[in-house]
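The values are calculated or read from the model by the stated rules, or taken from the named source; none is laboratory data. Quick caveat: nothing in here was measured; it's all calculated off a predicted structure. Positions of Cβ are backbone-derived with ideal geometry, glycine not excepted, and every protein chain shown enters the neighbour counts. Surface accessibility is based on the protein's heavy atoms, side chains included, excluding ligands, DNA and RNA. Shrake-Rupley method; radii C 1.70, N 1.55, O 1.52, S 1.80 Å.
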Amino acid sequence: MNLVIVGGVAAGASAATRARRLSEDAHIVVFERGPYVSFANCGLPYHIGGMVERRESLLVARPESLEGRFRLDLRLRSEVTAIDRTRGEVEARAIESGRTYREPYDRLILAPGASPIIPPVPGTDGRRVHTLWTIPDMDAINLAIQEGAESAVIAGGGFVGVEAAEGLRARGLRVTLVEKAPKVLPPLDPEMAETVHDLLRKNGVDLILGRGLVAIRDDGDRKRVAIEGGDEILADLVILAAGVRPRAELARGAGLAIGDLGGIRVDDRLRTSDPKIFAAGDAIEVTDIVTGRPTLCPLAGPANRQGRIAADNALGRDVRYRGSQGTFIIKVFEGTAAATGANEVRLRAARIRYEKVHIVGQSHATYYPGAEPMFVKLLFAPEGGRILGAQIVGGPGVDKRIDVLATAIRANQTVFDLEDAELAYAPPYGSAKDPVNIAGFVAGNLLRGDVEAVAPEDVPLDAHILDVRTAKERQSCHIPGSQGIPLDELRDRIAEIPRDRVTYAHCAGGQRSYYACRILAGNGIECRNISGGLRHWRVSPGVRGRLRI
Ligand code: FAD
């Protein structure tokens, strides 16, 4: 069996090594256009920032070890330029010598990845304008810093842009991050992204939102970056981080089916429209397991798993890829942001009805030193409570909660299953009621009709707002016009609550106001709990101004 693989990094290297584990006889040829196989692209921003000191650490598997241990026929700096499906051959070009030749295949796996989107503005091809997608990209950025670059403009606030901002700040550069959308990190909904904006600003990143790049011009040795609205930023270095698009040209040229989103179309065995050709990684369209719609999911975990499955199927096994859910996590200076499943934008686009709750949890028991809050958003089906998506921003412990929720989504669980989840607990690690349980309780209460929750942006302007925090908490900030009655005084002062209108109760995070709603409901007063409390109010675009500090 001649197995040819195009692309030798995440999906391609996984496919190649898996194929060897399945077959000692196969002749496995891996074509890689770049100079490295199996390198850690995810580590690039951390080497720039100095967190990963040694450049060599990013070279996960050396060519010698892949050739020796797995007997792979590696063709580095070699590009596949065409596929001849009739003859079962690929056309290849050795980049340095320019030599072209043909390589036969019985099965072909396409793992060419994605390419960074270059904004369609003048000057993106100039000196000291870089993408951050490969080791040579990273080397060029590091060289610019060694040569004295002191300031940078990053165009794009996806995860590469945000990680690059942190890396460059760690090296002492002045950093401006320009994002065309009104917020960074597309998987996060606006109120969750707001915390990331705060973290970036607090750490010295000059954040410009809602304005795109217009042009990049030379100004002596420096760059003059023009942005929408007429402003110009002078910088020594520009990083383009405006997202990626699937590399589907090779497949398109060979007449393989391409999906509506521009990725290679595959079935659930990762087979393209040609049964002898499989595809995996950033280049393909997959099914979103929450919405059931085609999606692009350019992440390393899916790419590695898909590479393995493509090899299984190419070598005759029958293994299904069950779709992606876009689980992601990012370190943002001292904070962490993470998401899994669908966000509100995706649910609305797919016309899926949903409910949402926001809770504030703690990384571990508050009496044990070092506990930090985390802000959890849960999206779920109004009927039955199936979990549709989750987002968390905070610090320590965000990673394990998002993974529990990702697993719950994968297992098709409901918010009632989260109430039941039995998670590891000791004071240094968690709480007897984990944030995951609490999110389940709050969502379950809502679905059982124990309390009606409302997002800050849905609170009417003339609403009667009841603040049940302590007088001391209220002194530091409050919503103008709100009535303050601490929870512990509520029963004694119930006569002060108007009965002719709905009361919207809030506290700091939503828990005490839930208790207040139960007290009010028990006394015949209609009450809604402001989801996520003041913590959510403070970061909700549109209402954050309605706060007196
Ligand atoms: P790639 O790993 O990009 O490999 C494709 C390879 O194919 C390339 O090396 C390319 O040179 C080669 N190729 C393309 N066309 C041809 C051709 N015609 N002939 C020969 N070779 C060809 N994901 C996460 O999940 N978490 C993270 O924290 C994270 N951080 C990231 C940070 C950065 C800076 C970057 C760049 C990516 C990050 N990612 C992260 C994304 C992750 O790296 C990708 O999703 C993953 O590498 C995709 O794997 P792939 O095999 O499809 O593509």
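For the residues Leu66, Leu44, the requirement of being within 10 Å of the ligand (Cβ to nearest atom), in contact (Cβ under 8 Å) with a residue 24 or more places away in the chain and surrounded by 14 or more Cβ atoms within 10 Å (Cβ to Cβ) singles out Leu44. Report yes if Gly34 is on the phi < 0 side of the Ramachandran plot, open to solvent by less than 30 Å² (accessible area, probe 1.4 Å) and within 15 Å of the ligand (Cβ to nearest atom), otherwise no. Spelling it out, Gly34 is indeed on the phi < 0 side of the Ramachandran plot, open to solvent by less than 30 Å² (accessible area, probe 1.4 Å) and within 15 Å of the ligand (Cβ to nearest atom). Checking Ala371, Ala381 one by one, the residue that is in contact with a strand residue (DSSP E or B) (Cβ under 8 Å, 6 or more places away or on another chain), surrounded by fewer than 24 Cβ atoms within 10 Å (Cβ to Cβ) and over 15 Å from Thr414 (Cα atoms) is Ala371 and no other. Only one entry of Ala61, Ala82, Ala11, Ala19 meets the criterion of being touching a residue at least 24 places away in the same chain (Cβ under 8 Å), in a loop (DSSP other than H, G, I, E, B) and among the aliphatic types (A, V, I, L, M), and that entry is Ala61.
Every residue, every condition in (1) open to solvent by 50 Å² or more (accessible area, probe 1.4 Å); (2) modelled with pLDDT under 95; (3) closer than 18 Å to Lys377 by Cα, yes or no:
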residue	(1), (2), (3)
Ala310	no, no, no
Gly323	no, no, no
Gly326	no, no, yes
Gly335	no, no, yes
Glu344	no, no, yes
Leu347	no, no, yes
His358	no, yes, yes
Ser363	no, no, yes
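Tell me whether region 116-136 contains one or more residues that are within 10 Å of the ligand (Cβ to nearest atom) and either without any contact (Cβ under 8 Å) to a residue 40 or more places away in the chain or surrounded by fewer than 18 Cβ atoms within 10 Å (Cβ to Cβ) (or both). Within region 116-136, not a single residue is within 10 Å of the ligand (Cβ to nearest atom) and either without any contact (Cβ under 8 Å) to a residue 40 or more places away in the chain or surrounded by fewer than 18 Cβ atoms within 10 Å (Cβ to Cβ) (or both). Checking Leu347, Leu378 one by one, the residue that is part of a helix (DSSP H, G or I) and not assigned by TED's automatic domain parsing to the domain that holds Asp268 is Leu347 and no other.
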